[in-house]
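Accompanying notes for the structure given below.
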Amino acid sequence: MRPEVSLKQFVPSLVCLKCDGCCRYKQADSIWRPKLGQNDQKNLGTFEDYVQSVQVCGQHFCRFLNTTDNTCGVYNKRPFECLLYPFILSQRTDTIQVYVHLSCPFVQDHQPKEEFKAYVEYLKDFFSRQDIREFLIKNKAMFHDYTPFAPELLHLFDFSYE
Ligand code: SF4
């Protein structure tokens with residue numbers, strides 16, 4: 001089953017498939033593992049709060065990552081955090097902060113360009129939609145507080161869904 005929402009992707013799939021940055025973690029309990037909302041849990045058939053990692057040769061990987069070709073084993077029903085990445089929602093209070101993760105090489109190359117600005121405008125429209133607000137309210141469990149990682153994030157805009 002496809003998640004309730006679809007989102008235009010900023011980073012082309014072919015770029016992601018050639019990059020070994022995502023879906024890998026420094027620790028088994030890394031905050032960068034996808035945190036799951038109700039919708040994600042339903043789609044993945046799990047009650048886990050986070051996608052679990054597996055350790056191979058001392059490295060930690062998302063359990064759904066195929067490390068031979070970089071593909072995602074649950075691509076069509078991947079968690080919302082994965083769908084949104086390299087953009088990130090962070091919540092500590094009622095306000096949600098939207099950031100972009102500067103560790104993404106595609107972001108580093110494209111952040112000064114018009115296509116990046118256009119995508120940010122697209123995201124502003126996306127998060128102002130009533131159906132998306134309702135989706136976020138139902139899936140609050142997926143929110144992290146990413147503010148401790150502010151040095152590697154660029155703040156884009158804030159919104160409130162309630
Ligand atoms: S679910 Fe898929 S896209 Fe998300 S971290 Fe795992 S392998 Fe990567």
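The values are calculated or read from the model by the stated rules, or taken from the named source; none is laboratory data. This structure is a prediction, so every number in the text was calculated from the model and none was measured. Every residue, glycine among them, receives a Cβ derived from its backbone with ideal geometry; neighbour counts consider all protein chains shown. Heads up: the accessible areas ignore ligands, DNA and RNA and are worked out on the full protein's heavy atoms, side chains in. Shrake-Rupley method; radii C 1.70, N 1.55, O 1.52, S 1.80 Å.
So, of the residues in the stretch 59-95 that are over 21 Å from GLN38 (Cα atoms) and β-branched (Val, Ile, Thr), which turns out to be most open to solvent (accessible area, probe 1.4 Å)? Full working, then the answer.
First, pick out the residues of the stretch 59-95 that are over 21 Å from GLN38 (Cα atoms): 59-61, 65-71, 86.
Those still in the list that are β-branched (Val, Ile, Thr) too: 67-68, 71.
Details: THR67: 77, THR68: 124, THR71: 50 Å².
Per the criteria, the residue is THR68.
Checking VAL51 against (1) farther than 12 Å from MET142 by Cα; (2) out of contact with any helix residue (DSSP H, G or I) (no Cβ under 7 Å at 6 or more places or on another chain); (3) crowded, with 20+ Cβ neighbours inside 10 Å, only one condition comes out false. Which one?
Here VAL51 clears every test but (1).
Quick check, is CYS16 assigned to a loop (DSSP other than H, G, I, E, B) and within 14 Å of the ligand (Cβ to nearest atom)?
On the way: assigned to a loop (DSSP other than H, G, I, E, B): no; within 14 Å of the ligand (Cβ to nearest atom): yes.
It is false that CYS16 is assigned to a loop (DSSP other than H, G, I, E, B) and within 14 Å of the ligand (Cβ to nearest atom).
If the Cβ limit is 7 Å and pairs must be 6+ apart or interchain, which residue in the stretch 21-42 that is small (Gly, Ala, Ser) pairs with which residue that is more than 11 Å from the ligand (Cβ to nearest atom) and open to solvent by 40 Å² or more (accessible area, probe 1.4 Å)?
GLY21/SER103; GLY21/PRO105; ALA28/GLN55; GLY37/ALA141
With the structure loaded, tell me whether GLN41 is over 15 Å from HIS101 (Cβ atoms) and within 16 Å of the chain's Cα centre (by Cα) or whether it fails that test. Lay out the reasoning, then the answer.
Numbers: over 15 Å from HIS101 (Cβ atoms): yes; within 16 Å of the chain's Cα centre (by Cα): yes.
Judged against the criteria, GLN41 is a match.
Do you know which of the residues in the stretch 20-47 that are assigned to a loop (DSSP other than H, G, I, E, B) and surrounded by 14 or more Cβ atoms within 10 Å (Cβ to Cβ) is nearest to the ligand (Cβ to nearest atom)? Break it down stepwise before answering.
So in the stretch 20-47, the residues assigned to a loop (DSSP other than H, G, I, E, B) come out as 20-23, 26-34, 36-37, 45-47.
The next check asks that each one be surrounded by 14 or more Cβ atoms within 10 Å (Cβ to Cβ); those that pass are 22-23, 32-34, 36-37.
Values: CYS22: 6, CYS23: 3, TRP32: 9, ARG33: 7, PRO34: 5, LEU36: 10, GLY37: 13 Å.
So, considering only residues that are assigned to a loop (DSSP other than H, G, I, E, B) and surrounded by 14 or more Cβ atoms within 10 Å (Cβ to Cβ), the one nearest to the ligand (Cβ to nearest atom) is CYS23.
If GLY73 satisfies all but one of (1) touching a residue at least 40 places away in the same chain (Cβ under 8 Å); (2) within 11 Å of the ligand (Cβ to nearest atom); (3) touching a strand residue (DSSP E or B) at 6+ places or on another chain (Cβ under 8 Å), what's the number of the condition it fails?
That leaves (1) as the condition not met.
Are any residues in the stretch 84-97 more than 8 Å from the ligand (Cβ to nearest atom), within 16 Å of MET142 (Cβ to Cβ) and within 13 Å of the chain's Cα centre (by Cα), and if so, which ones?
LEU84, PHE87, ILE88, LEU89, SER90
Being without any contact (Cβ under 8 Å) to a residue 12 or more places away in the chain and among the small types (Gly, Ala, Ser) narrows it down to one residue among ALA141, ALA118; which is it? Break it down stepwise before answering.
Details: ALA141 fails: without any contact (Cβ under 8 Å) to a residue 12 or more places away in the chain.
Testing whether each residue is without any contact (Cβ under 8 Å) to a residue 12 or more places away in the chain and among the small types (Gly, Ala, Ser) leaves just ALA118.
Tell me which residues, restricted to the stretch 69-89, are part of a helix (DSSP H, G or I) and not aliphatic (A, V, I, L, M). Break it down into steps so the answer makes sense when it comes.
We begin by selecting, within the stretch 69-89, every residue part of a helix (DSSP H, G or I); these are 75-77, 80-84.
Once the filter is applied, which keeps residues that are part of a helix (DSSP H, G or I) and not aliphatic (A, V, I, L, M), the stretch 69-89 yields TYR75, ASN76, LYS77, PHE80, GLU81, CYS82.
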